Structures are given as structure tokens and as C-alpha cells.
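First the structure, in the form of C-alpha cells, and then the observations on it.
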Ligand code: PLP
């Protein structure tokens, strides 16, 4: 039997995670003793807050290690709703919250609940690559809307209205954004909401997984704060991975209308079952006591260092990121130039050459839906590591002729 041919058409349409793959290749070189400047790792190299660790230890000692309801522990759902209500003056109840195993997992559940075969989901790019594949897995179409450097990589009202069709089911907004670090202001979100007011059957998926990682010169605004009408058709997707450096605990949530949460719970009762109970307990303690990321200052320092060091490389250009832990770097000045006799055609090829010859691991913009760029992550690099290793990228880039 040809096993590959006998796999589902669904999985044949899906591309594996580029971020995962680049990171794997970098780690392989490192294992072989090669020093790699790993700028592809989306993980966060900061410790889990003590309060969460202690709550998890207590959960194990008390044998709180059994299944929970598919939607998560009521106490956790309430703690999540309370944090949003406290921070943004909202009125969510625990029935508006579903807990899953990471934001990736709850977004997958949400796509399963929303997407029909003919549907289109508007995905402004550059974006987190999994949106495309999750939408495709449920047979719908990601309607890619390229948002270039001229709009700071953000969706504009004009681009939004141009791309709405009778098939549009939802639009995804991610702020702060992976990979550009752009943050939508209240005014920008209000203008997008004005367009959506004309189309009251379109859902808004608002991914705020980096909501507490914002530079001092910017501020985060949640679209649900605009009006009750917008809140009633928005599903927030968030989690503890990035804000609290707890990527491996795998806790994420969606917050939205009860009908969506109840359908998602039903979906999840046949897929995930429930999120890990120990991690749920850790998150309850965390969210009851910590409303702001303990690491925002560290991220701001890393972002400043990245910007300062990258400014020394004149062949590369970028827009100053306002949040998250990435910089989206333009390589347009290098396209068409030669590296060791090889003409550079695109971002994917840059990444291959950078890993092979420069021992630098970066993510191609193409994977994030915008060609001509690279995603550099500083989630796992200290300011010292950035300072000490950036010369590697400078030297590699300077060899293009
Ligand atoms: N959303 C965005 C924009 C992300 O960048 C990520 C992870 O990198 C996720 C969601 C998923 O986060 P997690 O599943 O770790 O909560």
C-alpha cells in the first residue's frame, strides 16, 4: 500500500509548521556542536512565576489530578473572566469562557465550530502561520490580505472592506502581532469596527496572546471594549504561554458569546477531553494574583537591544515593533544580489543559506504570508546573547554582492 497516498485529503492540504521545522534544524546543528544564533525559536526563556509552580505542586500533593469538565474548571473560567473584567471593565461570566490546552488548541476548536466548506476567513498577513492551516483543516479558505510595511503591517478599513464577500465568516486580528510586533490602537480598531458594522454576520477573532508584552511607547487595546455590539460577536483567544512565560503548561482560552462557548465545549468533549488539571490549578492561582506580565520590562530591554543592533546592518530595514517578541525584517535590498555565486530569490532561500553558511536560524516571511521579510524572535534570547551574536548576522549579510 502507498501509505502517503492513502492519507486524508485534509492532511494532504496542510503544510507542516515552518517555525517548528526551523527550530528543529537549528537544534540539530547545536547538538552536533555547532554554534547557532537561533532567532527562530518562538519559545520564552523566562521562568514560570513561583505562585503558579507552588499551586501545581499543591495540586499534585492533593491528588487533584483527574479529568475536569471539557470547558475547564469553573473556578478557572471565572478567574479568566474576572481578569478581563477587572482590566478592561467588562462583564464576562464564566459561561463565556472555555479553557483548552494552549491558545493553538482553542483556536483549532474555534475553527472547527465556525468553519463550513464554503466559508472564507479573512487573515491579514503577516501573521502566525497556524491560522492558514487550521482554517484549511476544516475545509474553509483563508482569505489572505497582505498588509505591507506602508500600513505598519496592519489591516486598514479599505483593505478590510475590499476583501469582504458573501462568504466571509470571520476576520482574525492579532494584537500585538506575531511576527511584526505591531499593536492596533483604539482608533484603528474603531475604524475597522465601523466597516464591520455594515456586516453584522461576520465574527471577529481577536488573538491577544501577547496582550501584556507591549513597549512603553505603545498601549494595548482590546476590540471588545469598543461597544456591546462588537463584544457580542467577538471571540477573544488568549493564554498564559507568552505573557507569563508558561509555554509548556499548555493553557489557553477563548472568551465569547455563550452559544460559541457551549458549541466549543461540545467539540472539545470529543477531542481534547479537558486541559491538564494541574496546569488549570496553576493558572487559577496565577490569574487571581498577577494581572501584568512580570517580564514586560525584560522584553522591552531585549526589543531595544535588537533594534539597536539591527540598525548597524544597513542592508536590512524594519519598522520599530511595539509589542510581542519579534522583529519583521525586510530583505528586499538583498533580493537579486549574490551569496557565494547564488542569486537570492526569496525569504525561504535566505533562511536556507543563513542556516547553512551563517549558522543563523530565522523564519521566512513567506511562512507568515508576506514575502521579502524574515521573522526574528527574541523570546528565547537575553539582551547579552543578542549583543554578542548579532555580528554573525551582520557578517553573513555583508557577504551579499
Ligand atoms: N497565537 C499567536 C499569535 C501565537 O504567536 C501563538 C504562539 O506562538 C499562539 C497563538 C499559540 O500559543 P499557545 O498555544 O502556546 O498558547
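The values are calculated or read from the model by the stated rules, or taken from the named source; none is laboratory data. Keep in mind that what you see is a predicted model, and the values were worked out from it rather than measured. When we count neighbours, we look across all protein chains shown, and the Cβ atoms used for this are built from the backbone with ideal geometry, even at glycine.
Selection of the range 203-220 for residues being in contact (Cβ under 8 Å) with a residue 40 or more places away in the chain and assigned to a loop (DSSP other than H, G, I, E, B) yields 209, 210, 212, 213, 215, 216, 217, 218, 220.
Please find, within the range 93-107, the residue that is nearest to residue 72 (Cα to Cα) out of those that are in a helix (DSSP H, G or I) and within 16 Å of the ligand (Cβ to nearest atom). Looking at residues that are in a helix (DSSP H, G or I) and within 16 Å of the ligand (Cβ to nearest atom), I get 106. When we screen 327, 331, 313, 360 for residues that are surrounded by fewer than 20 Cβ atoms within 10 Å (Cβ to Cβ) and touching a helix residue (DSSP H, G or I) at 6+ places or on another chain (Cβ under 9 Å), the only hit is 313. Give the residues of the range 24-54 that are within 16 Å of the ligand (Cβ to nearest atom) and in contact with a strand residue (DSSP E or B) (Cβ under 7 Å, 6 or more places away or on another chain), sorted by residue number. The answer is 38, 39, 40, 41, 42. If you check residue 272 against the conditions, is it over 22 Å from residue 121 (Cα atoms) and out of contact with any strand residue (DSSP E or B) (no Cβ under 7 Å at 6 or more places or on another chain)? Taking the combined requirement at face value, the residue does not satisfy it.
Exactly one residue among 260, 230 is within 20 Å of residue 111 (Cα to Cα), touching a helix residue (DSSP H, G or I) at 6+ places or on another chain (Cβ under 6 Å) and in a helix (DSSP H, G or I), and that residue is 230. Restricting attention to the range 85-99, does a residue exist that is touching a helix residue (DSSP H, G or I) at 6+ places or on another chain (Cβ under 9 Å), at pLDDT 95 or above, surrounded by 20 or more Cβ atoms within 10 Å (Cβ to Cβ) and under 29 Å from residue 321 (Cα atoms)? No, there is no match, as no residue in the range 85-99 is touching a helix residue (DSSP H, G or I) at 6+ places or on another chain (Cβ under 9 Å), at pLDDT 95 or above, surrounded by 20 or more Cβ atoms within 10 Å (Cβ to Cβ) and under 29 Å from residue 321 (Cα atoms).
Residue check: residue 272 meets all listed conditions (1) within 16 Å of the ligand (Cβ to nearest atom); (2) farther than 21 Å from residue 75 by Cα but one, namely (2).
Of note, residue 153 satisfies the criterion of being at positive phi, in contact with a strand residue (DSSP E or B) (Cβ under 7 Å, 6 or more places away or on another chain) and within 16 Å of the ligand (Cβ to nearest atom). Applying the selection to the range 246-260, what residues are crowded, with 23+ Cβ neighbours inside 10 Å and within 15 Å of the ligand (Cβ to nearest atom)? Those that are crowded, with 23+ Cβ neighbours inside 10 Å and within 15 Å of the ligand (Cβ to nearest atom): 246, 249, 251, 252, 253, 254, 255.
Determine, yes or no, whether residue 90 is in a loop (DSSP other than H, G, I, E, B), under 25 Å from residue 221 (Cβ atoms), touching a residue at least 40 places away in the same chain (Cβ under 8 Å) and more than 14 Å from the ligand (Cβ to nearest atom). In short, yes.
The rows are residues; the columns are (1) in a loop (DSSP other than H, G, I, E, B); (2) touching a residue at least 40 places away in the same chain (Cβ under 8 Å); (3) within 16 Å of the ligand (Cβ to nearest atom).
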| site | (1), (2), (3) |
| --- | --- |
| 335 | yes, no, no |
| 349 | no, no, no |
| 355 | no, yes, no |
| 367 | no, yes, yes |
